[in-house]
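J.: The structure under discussion is supplied below as structure tokens; questions concerning it will follow.
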Amino acid sequence: MTSMVANGTRGDQSLVLKGVDPETCMIVFKNHWAQVVKILEKHDPLRSIVGGLGGGHGLGGGGGLGSFRFGPVPGDEASAVQNYVEHMLFLLMEEECGQNGAMGPILEFVVMENVLERLFIWSLRREFTDDMKLEQLKMYEMLIGQARQPLLHHKPVLKPLMMLLSSCSGSPSGSSSSAVETELVLLLNQLCCVLAKDPSVLELFFHTSEDQGAANFLIFSLLIPFIHREGSVGQQARDALLLIMALSAENHVVAKHIAENTYFCPVLATGLSGLYSSLPTKLDVPSEEWHCLHREDWQQLPALVQFLNSLEFCNAVIQVAHPSTRDQLVGYIHNGFLVPVLAPALHKLTLEEVMTTTAYLDLFIRSISEPALLHTFLSFILLHRHDNVHILDTLVSRINTPFQLGTVSLALFRTLIGLFCEDVMLQLVFKYLIPCNHMMLSQRRVLRERDCYSVSAAKFLALTPSCCSPEVIPPPLRKLDSILWSKGTDGSHIGTMESKEVLSEEDDCGNSCVIGSEIYLDVSYLHYLYDAQNSISHCMRACRVWSAPYDGENPPPEEYQRNTLEEADLTATPGLLELEWDDSYDACPTQLHPEEDQETRPIPDEPPKHIQELRRTAIMIVKGSYIEESEFQNDVMVYNLVAQKDAHDSAAKQEMLDESVTDQKTTNSESSISNGLSSPLDEMDSKKRGSQSNHKSLEGEDLVAQYEELIRTLGAQHSPAKTDSELKSPTDLMDEEEDEIDFNSFSPETPEAEKLPSPFGTKPRSGSRGHAVPFTGPFLSVLLSRLENMPSNSLHVNLLLTGILAQLAAYPQPLLRSFLLNTNMVFQPSVRSLYQVLASVKNQIEQCSANNKDFPELLTAAQHCLLARESSLRGQTDRIKTKPNIQPKTVVPLNKTEVYAAVLFTEFLKELAAFAQEHSILSHLPTEQ
Amino acid sequence: MNPFWSMSTNAGRKRSDGEEQVGQGEQKSSPARPSFGKKQLPSIPKNAVPITKAASPAPSTQSANGTHASYGPFYLEYSLLAEFTLVIKQKLPGIYVQPSYRSALMWFGVIFIRHGLYQDGVFKFTVYIPDNYPDGDCPRVVFDTPVFHPLVDPVSGAGVRRAFTKWRRNHNHIWQVLMYARTVFYKINTMDPLNPEAAVLYDKDIQLFKSKVVDSVKLCNSHLFDQPKIDDPYAISFSPWNPAVHEEAKEKMFAHKRRPEDYNKGLPVSGLSWVKPGSTQPFSKEDNPLQT
């Protein structure tokens, strides 16, 4: 038989049998069988009792089989049987179905004579070695794979197969040779394929399994040990299991059996834990820039590949399986992997370990796609508490840690934000924005306002540092795009933009930026607009499944102010506020010259009480959770480092805190106007003090410009009444009362003043709300505080930060959109807006530029370096074949962070402006679905 | 497909058909980006020719409104796009409008009058928007054929301006102009007429006025199939019903209203939410997979 299996192929045999009529085949088959039976009976101790050897006699293992042997079978007889069987099997395989799906005559004979079972018993009678098993497995594999008529419907075929499988299940895995395992999995896989094609067989398998006693649904149970196996055996086993999973989705009995009587789900989930434990606890970080595991990283780590295989299998199972299996599996993953394994791993001893775990978590979330599995991971992050602190809060607090833990944490949040998950965004951002405490009361009605005239975009772009202004440094043109601002052809009107591609690169005149008119246009801005449009519309579509629009009305702010929030904080997120002890209060950039500061600024004795309190509890909590268990020494070190940084900043911080308190004390009207907008000026003021001697004129002019802008901004705030007219469609009225529309309401004579939300009208609410500080949440605060350090951040940190903020800027929800992109909003004094932070960065860059004569050259060189970087990155993906990579003439060292930051900052402003502009169109389009 | 949608998304990025073919790959399709590819930097010119303006000192580059003049066209373009989306939002009955191909400052429109003295009138018009919008005058509405009306100039076809003596940004919007243009055909007003004859007739001899209106409507409608006055790919032109051309388009219009992006972008993107409506607790939906 072995030789047959090894050498025989279907094609050869078909040729042999072609043209031979079925009756001849039948006769040959019967003859062969008669010969076989002779030999079989000669060695059968019980002769006639063929059927009595059924399952009841413990066919479970090789060990007990010796008792059936009746003396050794002579070799020549064994090989004779083998030869006959070989031929018989081919005849059976090649037989066509009878009429109307009836059995062919050979199959009928096989069934009648119980041929296969008798052969199985014969093989048991001899030494039931691995070779024997292998032979039998291959025989069935071939039969099932190649037979032309369905065989498995017939119990005399099915039963010996099940007996064979049973015998395989009895031996503990490991004792069987890998060849047997390979063959077994192959056969099981093949059986599952048959099941998938013909679900009616499933029932048969199921009940035949029952006949076999304990090993219910044998195929399935046999596959389970191979779930986490590496290599092709594991893959085949997982594929086969997936087929059964898909079947079980339709078959309640099978689903119930899997959930209740098998260890499938626990094995799968705890297997993840096992595989996780063999992952490297510390990764070799290739470079300082590294912040997340890319494909090329994890492919180098076989253990990680294996883990991801199993995780992806879980994902696939959840996708296809019956809900009961799915629910059980996610439950085991949560309780058997995430909570007992991943949570402690996220709180490991050393910075490197924690960073590694964070990178793993990020990779895992990127690797899964099934909502139910994502739900499990996300609810773990959002709701699970380790040492009484939510995982999410711990992760957020780590954004501000030094070294790579901070950037790896940022990368994780980039992944989370990219999921467009309402629950995540709720906990990270919206929870803090819903009460609208961060803004002046009067501003709530302005929340949903449309920026019709690109006022915010203009304000962002106006923050472009003078050294980066396109008029000072002509930005090189991308592929020599040029923009034509054309006058209309017939002269009766002005034309509009047209973009032309100058296709020939050699076209020297293409370098000219000004075509057709005096207006210079920044071509790259078109790309930003296009990208912004894509991001926003993508995000808008994704957010259609959300439960609320987060527009300042739904959810209603009133319901979530103070009491509700407090309650929620106490019950669900204790210590959230307290954990927020990062730089969000240090309004001043950290790079101020400390000596000068100490000279020029009187340091207040004490920071305000509530801040002290906040700081103290924060440090207590953070330290508490680590120091109590002394093994967490290294994390304490991390936090101490941050604390030191804090202390270093404290001079600046304290001054700012002092200012904010003063603000709150000053009379309401004054403070409420200036609060939202004062910081850029204040900072400029303080900056100016630092660098007055050298750059007075420049700073002065800038200050005037800023001042003018401030005045203008205040002016702009007087006219948001357009929302009223936007809100009500007049056409509703028109149908009934065509004549009643008062067009005078559109004319300027109508007094509009009373409709305006007056920035003077509201008092700071601090008095009524005790010491509660309006707060946009730890996540936004920490992002902005890191952004404020842009000039000293490394390039890749800035890329991550601006990337995440750009992701956030794509969200259409008015609460977030207005916070990030509406430069006219007036926020509470303690709340820093993105605009304020950017203004601070601008001033830092201006100062760097003023202090360094080489700055313009460095800027240009840095631009070139970044372009080279981009083109090399893009070259990796594909695209530019003809273009050689750009080699920058001078390489600006990466430690010149302020130079790179200046380039990036300028581009980021364009990106934000583009988002603001596209929102003014897209976010206001009525959705049709 | 609602033509407005295609307009609203294309208006900012017009190209001729030929350019569309060539240019699309380069500009329309977002180039493959590295994970941080968001920051787009312009490429380096081989021999960067100094820009004539480069020498000008930085402060002068700040225009009056504190921003770089170079972005002015973008602001104008988006202001007009915003106006256009406002028009869409209003769903003004019987009014259709689309910006011209050549300029966002010129919009083509048509009004269908469904009852009243001007019933069955189909009036094509053009809206001219001043290039210092929104700080300029009221956009002008000019009818292609000067319909007989007290507020429509019998020679130039200009009309409607009266209601907006002073144009105020934030308060006045182009949809208001369009709505006004429609309303004057339902509610005749003879104050400050541009066509004194019509005004006098309306007040003194309403029967003659009515018959003149009927003639005028007939005249306008008889020119309906004329070539558009302004040669522009996006000008509104009418043609007699031709089943071969129009039947399919009509079916499409009635079949589904989907935004063009939904056609193009393949698989539907979906975000995630397990927040129960009315709650602000994460994972508050009841049909959660249970976890104990």
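The values are calculated or read from the model by the stated rules, or taken from the named source; none is laboratory data. Everything numeric here is computed off the predicted structure, so don't read it as measured data. Backbone-built Cβ (ideal geometry, glycine too); neighbour counts: all protein chains shown.
J.: Could you please let me know if A:Asn798 is within 14 Å of another protein chain (Cβ to nearest Cβ), part of a loop (DSSP other than H, G, I, E, B) and either of a type outside the set (Asp, Glu) or surrounded by fewer than 23 Cβ atoms within 10 Å (Cβ to Cβ) (or both)?
T.: Answer is no for this residue.
J.: Filter the stretch A:284-326 down to the residues that are acidic (Asp, Glu), in contact (Cβ under 8 Å) with a residue 24 or more places away in the chain and not in a helix (DSSP H, G or I) and list them by number.
T.: A:Glu288, A:Glu289 - these are the residues of the stretch A:284-326 that are acidic (Asp, Glu), in contact (Cβ under 8 Å) with a residue 24 or more places away in the chain and not in a helix (DSSP H, G or I).
J.: Going residue by residue through the stretch B:188-195, is there one that turns out to be in a loop (DSSP other than H, G, I, E, B) and facing chain A (nearest Cβ under 9 Å)?
T.: No, that holds for no residue.
J.: Would you check if there is a residue in the stretch B:143-155 being free of Cβ contacts under 8 Å to residues at least 12 places away in the same chain, over 19 Å from B:Val217 (Cα atoms) and out of contact with any strand residue (DSSP E or B) (no Cβ under 7 Å at 6 or more places or on another chain)?
T.: No, the stretch B:143-155 contains no residue that is free of Cβ contacts under 8 Å to residues at least 12 places away in the same chain, over 19 Å from B:Val217 (Cα atoms) and out of contact with any strand residue (DSSP E or B) (no Cβ under 7 Å at 6 or more places or on another chain).
J.: I would also like to ask the following. If the requirement is being touching a residue at least 40 places away in the same chain (Cβ under 8 Å), in contact with a helix residue (DSSP H, G or I) (Cβ under 8 Å, 6 or more places away or on another chain) and closer than 19 Å to A:Met440 by Cβ, which of these qualifies: A:Leu799, A:Leu815?
T.: A:Leu815
J.: Yes or no: A:Gln13 at pLDDT 65 or above, in a helix (DSSP H, G or I) and within 29 Å of A:Leu124 (Cβ to Cβ)?
T.: no
J.: For the subset of the stretch A:465-489 comprising residues that are more than 7 Å from every other protein chain (Cβ to nearest Cβ) and surrounded by 20 or more Cβ atoms within 10 Å (Cβ to Cβ), which member is modelled with the highest pLDDT?
T.: A:Pro465
J.: Taking the stretch A:524-564 on its own, how many of its residues are assigned to a helix (DSSP H, G or I), facing chain B (nearest Cβ under 10 Å) and of a type in the set (S, T, N, Q)?
T.: The total comes to 6.
J.: Further question: Under the condition of being more than 7 Å from every other protein chain (Cβ to nearest Cβ) and modelled with pLDDT of 85 or more, which residue from the stretch B:55-83 is farthest from the chain's Cα centre (by Cα)?
T.: B:Leu76
J.: OK, next. When you check A:Phe855 against the structure, is it buried (at least 18 other Cβ atoms within 10 Å of the Cβ) and modelled with pLDDT under 95, yes or no?
T.: yes
J.: Got a number for residues in the stretch A:826-859 being of a type in the set (Gly, Ala, Ser) and over 20 Å from A:Leu784 (Cα atoms)?
T.: Within the stretch A:826-859, residues that are of a type in the set (Gly, Ala, Ser) and over 20 Å from A:Leu784 (Cα atoms) number 2.
J.: Looking at this structure, is B:Ala181 more than 14 Å from chain A (Cβ to nearest Cβ), under 24 Å from B:Cys138 (Cα atoms), in contact (Cβ under 8 Å) with a residue 24 or more places away in the chain and surrounded by 19 or more Cβ atoms within 10 Å (Cβ to Cβ)?
T.: Judged against the criteria, B:Ala181 is not a match.
J.: In the stretch A:91-119, which residues are part of a loop (DSSP other than H, G, I, E, B) and acidic (Asp, Glu)?
T.: A:Glu95, A:Glu96
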